[in-house]
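The values are calculated or read from the model by the stated rules, or taken from the named source; none is laboratory data. Bear in mind the structure is a predicted one, so any value in this text is a computation, not a measurement. Neighbour counts are summed over all protein chains in view; Cβ atoms, including those assigned to glycine, are modelled from backbone coordinates with ideal geometry. Each accessible area value is taken on the protein alone, full model and side chains, heavy atoms only, with ligands, DNA and RNA left out. Shrake-Rupley method; radii C 1.70, N 1.55, O 1.52, S 1.80 Å.
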Amino acid sequence: MLKNKIIPDSIAIWSITPNGKILGKKILLAIKGSSLFVSAKIGGKDTCEENTITFEKLSAEIHYQFNKFSGHVFIFSTGIAIRIIAPLLKSKIIDPAVVVVDDNGTHAISLISGHLGGANRLAKKIAGIISGTPVITTATDTNKLPAIDLIAKKRKVFIETPQNIKHINMAFLMGEPVSLFDPFGFIKNDLPKHFWTSENPRKSSTKKIFCSFKIKDVSRETLILRPPVLSIGIGCNRGTSCEEIKQFLLMVLKKESLSIKSICQFATADIKKDETGLLALSEELKIGILFYDNKNLNSVKTIKTPSKMVEKHLGVKSVCEAAAILAADNGKLIVPKKKNKDVTLAVAIKK
């Protein structure tokens with residue numbers, strides 16, 4: 001059950017009482033793409049309506065459906081909700097949003113994944129639909145302060161150490177500036193200047209944010225953020241396995257001290273559109289692949305290691321370097337071509 005992929009922006013609404021069903025229908029009509037789950041005990045014939053599902057046992061159905069949706073609206077008590085979902089919770093990074101609505105529709109409570117999962121936003125939306133009051137308890141919101149996890153989500157940076165989010169947000173609450181290392185300016189522009197100082201995060205400052213594609217030694221309490229700035233150009237012999245490509249990629253990244261979480265895309269020649277190893281790697285790592293024709297590959301003037309062999313067989317002077325540079329919006333090549341017997345690989349960074 002937990003292997004099911006979450007459908008983006010999909011909301012499950014749950015009702016177990018007659019009033020709950022009325023509220024659930026109202027929310028269902030207001031939120032496009034949502035689904036209403038109604039207890040068979042109160043279901044009746046009208047539950048055959050579109051996007052309405054009848055269930056027999058609440059806990060079993062929620063356990064089955066929990067990770068299929070990006071958010072859940074439980075129209076019953078917080079006690080029931082907590083007891084059912086407690087064993088399902090993994091991390092604030094991947095858990096779906098959970099909002100609890102009382103049977104009279106008076107309050108919409110943001111319960112789980114308020115920031116990254118969007119439960120705070122969903123609670124406000126539900127409250128607007130049912131004319132209730134949103135209940136938001138995250139301290140940064142109630143004190144009208146920035147939240148580092150929301151900033152990270154907005155800027156699409158990967159949070160590598162989510163357990164340290166609380167340290168940074170607490171510093172904001174205490175009025176203590178955090179030590180920020182963000183040479184590309186990914187988050188500093190969303191963070192008022194009095195909340196941070198540009199000290200080196202490897203020094204002895206208490207609260208630290210390290211936002212970089214480079215892997216460096218930092219303290220255990222440091223919030224590590226990975227900006228999506230690296231493009232990986234890949235070439236390979238026909239039939240090279242996914243595992244071989246992946247192992248070579250990991251080796252190069254480790255040697256160059258680059259984070260795999262900062263890869264925004266792979267890139268290669270369009271002749272590789274049916275290369276099963278590359279396609280499998282893209283699927284496994286959930287990183288898209290861009291394919292370029294010879295004209296585009298030959299348009300790159302900043303390649304460092306052209307290949308006469310590749311030019312002879314494919315009609316281009318470079319595959320991995322040229323593809324990496326193109327995918328990085330004609331950015332800078334930071335790792336020239338590396339190769340083993342079956343794979344070539346290069347890394348470029350966006351401007």
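Numbers for the structure displayed
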item	result
Qualifying GluC sites (Glu not before Pro) in the range 40-89, DSSP loop, other Cβ atoms within 10 Å at most 15	Glu49, Glu50, Glu56
Amide H partners (placed H, <5 Å) of Val178, local residues excluded	Trp196, Thr197
Value of [θ]222 nm, deg cm²/dmol, for the chain, DSSP H segments ≥ 4, -39500 (n - 2.57) each, nearest 500	-8500 deg cm²/dmol
Gyration tensor verdict on the range 169-262 (Cα atoms; rounded if a/c is under 1.5, prolate if a/b is larger than b/c, oblate otherwise)	prolate
Of the trypsin sites (Lys or Arg not before Pro) in the range 142-227, those whose Cβ has at most 14 other Cβ within 10 Å and which sit in DSSP loop	Lys144, Lys156, Lys203, Lys216, Arg220
Mean Cβ neighbour count within 10 Å, used as a protection proxy, ranking 301-308, 257-264, 317-324 highest first	317-324, 257-264, 301-308
Accessible area of the range 152-192 belonging to carbon and sulfur atoms, whole % at 1.4 Å probe	57
Net charge of neighbours whose Cβ lies under 12 Å from the Cβ of Met251, counting Lys and Arg as +1 and Asp and Glu as -1	+3
Distance (nanometres) between label positions extended 7 Å along Cα→Cβ at Lys295 and Leu145	5.6
The chain: C-alpha pair distances exceeding 37 Å, %	37
Accessible carbon and sulfur surface of the range 213-295 relative to its total accessible area, %, 1.4 Å	53
Calculated FRET efficiency for the pair Glu176/Thr302, C-beta based, R₀ 35 Å, to 0.05	0.20
Förster-model FRET efficiency, 41 Å R0, Gln247 and Lys90, C-beta, rounded to 0.05	0.90
Solvent exposure of the range 1-130 as accessible area per residue, Å², 1.4 Å probe	49
Candidate lysines - alpha carbon under 26 Å from Lys25, same-chain residues fewer than 8 apart omitted	Lys5, Lys41, Lys45, Lys57, Lys68, Lys124, Lys125
Aspartates and glutamates with Cα under 16 Å of Lys308, excluding same-chain neighbours fewer than 8 positions away	Glu321
